[in-house]
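Structure record follows, encoded as structure tokens.
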Amino acid sequence: MHFRDSKRKVDYVLAYHYRKHLVQHPRGVGSPELTRGSASLALVSNGRTGKGHVEPYQQDNGQHVLQEWPGLPGVDVIQLSPLDAMEEQKRLQREEYEHNLIEAGLEIEKDPENKSQGLSFVRIHAPWQVLSREAEILKIKMPTKKMYEIREEGGVLKTLNEIWCKLTEPLQPQVPQQENTKMKNLSYPFSREKIYLYNIKDKDTFFDNATRSRIVREILKRTSTKARNSMGIGTLIANNVYDAAYPLHDGEYQGQNDDMNERKLLYQEWARYGAFYKFQPIHLIRKYFGEKIGLYFAWLGLYTEFLIPSSVVGIIVFLYGCITIESDIPSKEMCDQRNAFTMCPLCDKFCDYWNLSSACTTARASHLFDNPATVFFSIFMALWATMFLEQWKRLQMRLSYFWDLTGLEEEEEHPRPEYETKLLQKKLNNKNITTENSNKDEKEKLTWSDRMPGYAANFGLILFMIMLTFSAVFGVIVYRITTAAALSFSTNETTRSNVRVTVTATAVIINLVVILILDEIYGAVAKWLTEIEIPKTEKTFEERLILKAFLLKFVNSYAPIFYVAFFKGRFVGRPGRYVYVFEGYRMEECAPGGCLMELCIQLSIIMLGKQLIQNNLFEIGIPKLKKLLRKLKDERTEPKETNTNHSKDPQQWDLDYILEPFTGLTPEYMEM
């Protein structure tokens, strides 16, 4: 967790793969040996220094040779493969970036590169001067010495709250609680001029780990390099200069050691299946992961709690349907063999007349979900949604108060690296820029005309994707109609009697597969469409991404369900004047008991299928598989060389590097 001096804390880690090149002279030129210094000089001189100019030319074997110009003493002619040249360029970018980080005040510790190729880490520590400077710039609220009392409501509400706390005591997580919950420190945006106001007991622990890593992350995003116009760490990772950038966890969570840390405590009391019945240690989650993730889990916890009463009421409504099934008049009349209701054929030519009593089972099953209590349940759910929303507003305000998120000024976000790169390209392409209007350059921004191609692509592709979803729904409708007609021709009595169930079940499974595939495609397309719009800040990027992804995924997930609920069976026609999709294929109609039973099957398969496949397999299985593949790849690519500087036990940065990168909260909210 610390530098080699065991004093300075590691606040952030940069990881990269390196590959040392073997420099060779062309045949007959110079000596066979070449020092590191002369190689560096020749490379740096390649368009990067004013001491001379060295130009590459292409050999027949595809390798680049740096040719010495006449009158340039001390510059060797060296031979570099394209791969080595790229590696050298990355190394120079890393050196420049790390130099700029040191100039920004950060302290750096690097691993020695003592193999021909391998993985190396750059550890970053933010000293007090940097933390205090950045906290002031970011207006981070910190606790002052001033304390005040939190007054609670008295009377009946207080008594009920105390009773509730005693009843739920076994469900509370065993985490350290604040000593005095009735007193609270007044928080104020950090200011170095008023440092005497703040409750600073120890400068090393005044800023917690989440705040320290947030500050370093901001510096990494802001620090740029001249090479390839790289704006911040995001661009460098995209260009494969670095592999990853991440803060460290607080140690192992599944070790044999007795050292307790916040990560292990969170695992034992929250992030494992054995603790599913406990309340969330929401304040500890916020302390460890930060406010954004803390608020997400607070919302998720409230949502889960509210689903309990709705589930209970839903089960009661279902049980009411089971109890009253014998007294349901429509299903009794349909099932009565004495009432010989002869119905028209379900298809032309091959289908025969049929008796209504043959649909008895479907009608009885429909009553379980479509009974008088269902009307009450729909009203209850409408009120439930409003209650949930209001309760979340209340909880959000409460947490904002305790976590000092109230009264925050809307901090000015730094532009995204992609935006700055595009702006830089625009400036370079603008040949009319002179030194006189250089002050205008700083205020220059991307205009509507710059973004017009992106907006046009957005409009066209979103329209195409929505039409693609409707086409998929129509394709499944056609499948149902044609399959039903084909099965009706069967000579097998069992096949003919179960046509509706067979067609519905297979069509829903096809729907599920189509939804899962299109969901992944739409997620990637929404991200790409947002990127070509070139939003200025991360907040704008997230807002636009959510809007597109929600629109596409909503249409994709609910189009088949909306069709069954509101449109199926409405356009059938009547005997003698049926509506035909194709010649000889009649428009499909609902079962005699109504479309609600089919809707129930559709909902259950899609919801359960998405839950099992998308939310469990994709979210749990695939990240574990990626982690395993990443570990195997690193073990395979690193040569088995003796490394005297590498300790036997893996360090925390080694263990955290194997973990899958965090993709943000947008997919999590989208799933819910």
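The values are calculated or read from the model by the stated rules, or taken from the named source; none is laboratory data. As the structure is a prediction and not an experimental result, all values here were calculated from the model. Heads up, the Cβs are rebuilt from the backbone with ideal geometry, glycines too, and the neighbour counts pull from every protein chain shown. To get the accessible areas, we keep the full protein, side chains included, count just its heavy atoms, and leave off ligands, DNA and RNA. Shrake-Rupley method; radii C 1.70, N 1.55, O 1.52, S 1.80 Å.
Tabulated values for the structure
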quantity	calculated
Å² of accessible area per residue within the range 290-394, as computed with a 1.4 Å probe and no ligands counted	63
Stretch gain in nm, segment Lys110-Leu197, where the contour uses 0.36 nm per residue and the Cα spacing is subtracted	27.6 nm
Which of Val555, Val579 is most accessible, then next, and so on - probe 1.4 Å	Val579, Val555
Efficiency of FRET from Cβ geometry, Cys165 and Asp450, R₀ 41 Å, rounded to 0.05	0.10
Separation in nanometres of the label points that stand 7 Å from Cα toward Cβ, at Phe279 and Glu95	5.8
Heavy atoms of Thr483: accessible area, 1.4 Å probe, square angstrom to 10	30
Mean Cα-pair separation over length for the range 290-394, i.e. relative contact order, pairs under 8 Å, 6 or more apart, %	31
Spacing of the two label points (7 Å from each Cα toward its C-beta) at Gln172 and Ser327, in nm	4.7
Interchain or long-range residues, amide H under 5 Å from His2's placed H	Val10
Accessible surface of the range 290-394 [probe 1.4 Å, protein heavy atoms]: carbon and sulfur percent	69
1.4 Å probe accessible area per residue over the range 476-599, in Å²	52
Computed E for Gln129/Glu152 - FRET, C-beta separation, R0 35 angstrom, nearest 0.05	0.30
Separation of the Thr537 and Phe3 label points, Cα + 7 Å toward Cβ, nm	3.4
Gained length - Thr386 relative to Lys626, 0.36 nm times residue gap less alpha-carbon distance	82.4 nm
Probe 1.4 Å - accessible area at Arg19, Å² to nearest ten	90
Full-extension gain in nm, Ile613 to Met672, via 0.36 nm per residue minus C-alpha separation	19.8 nm
